[in-house]
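One structure below.
Please treat every number below as a calculation from the coordinates, not as lab data. Just so it is clear, the model here is predicted, and its values are computed rather than measured. In this analysis, Cβ positions are derived from the backbone assuming ideal geometry, glycine residues included, and neighbour counts consider all displayed protein chains.
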């Protein structure tokens, strides 16, 4: 691989890590980038080296056959201010909407949440995860499809013993299933037309 190809592959891996927004295995990253897991691992190591040598605000975190983008420890104090500010504020309307969707219809993947809401939702899911209001379930359909459900902390925070105590839970859960099926069918039909 020449230097230009190497730069292109590390740039692609960087873009995929950013878009994924969390930990991903080298195998899955390689599949998305059209390369082997070993090539992805090598590219990520080169990217991590570029970050270290360039004294950048980001770093690559590598752990147990996977990796993720993270912020450099050098700026932990400043980044911590953002996190504390984020958690001291009330939940936004979009966060409440996402939380209600997961409570009534979960567990859901990020893609399913985005299909219903019609907008990108990874930062909202991250915020809800960090606040402990949702969690990833053990069940997933591939590494890129984590499923999210509300936590017991969420139930305790709103003063309920179970999801079934949510207003109109049974009826809305049934309706939500029909809505999600209709949205998925419409999205599939739209892709076929394109």
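Equivalent ellipsoid of the range 3-74: semi-axes from √(5λ) of the C-alpha gyration tensor, largest first, are 18, 14, 10 Å.
What does the highest-first list of 51-63, 114-126, 98-110 look like by mean Cβ count within 10 Å? Write down the numbers at each step before the final one.
Values: 51-63: 13.2, 114-126: 16.1, 98-110: 20.6.
Peptide ranking by packing, descending: 98-110, 114-126, 51-63.
What the Cβ-Cβ distance of residue 136 and residue 63 gives, at R0 = 22 Å and to the nearest 0.05, is a FRET efficiency of 0.85.
A Förster distance of 25 Å, applied to the separation of the beta-carbon atoms of residue 96 and residue 76, puts the FRET efficiency at 0.25.
Between residue 50 and residue 169, what length in nm is gained on full extension when 0.36 nm per residue of separation is reduced by their alpha carbon distance?
37.8 nm
Distance between the 7 Å Cα→Cβ label points at residue 111 and residue 38: 3.0 nm. Taking the centroid of alpha carbons for each part, the range 87-132 and the range 20-67 are 27 Å apart.
Could you state the orientation-averaged shadow area of the convex hull built on the Cα atoms of the range 91-131, in nm² to one decimal? Walk me through the numbers on the way to the answer.
On the way: hull surface 10.2 nm².
Computing the convex hull of the Cα atoms and averaging its projections yields 2.5 nm².
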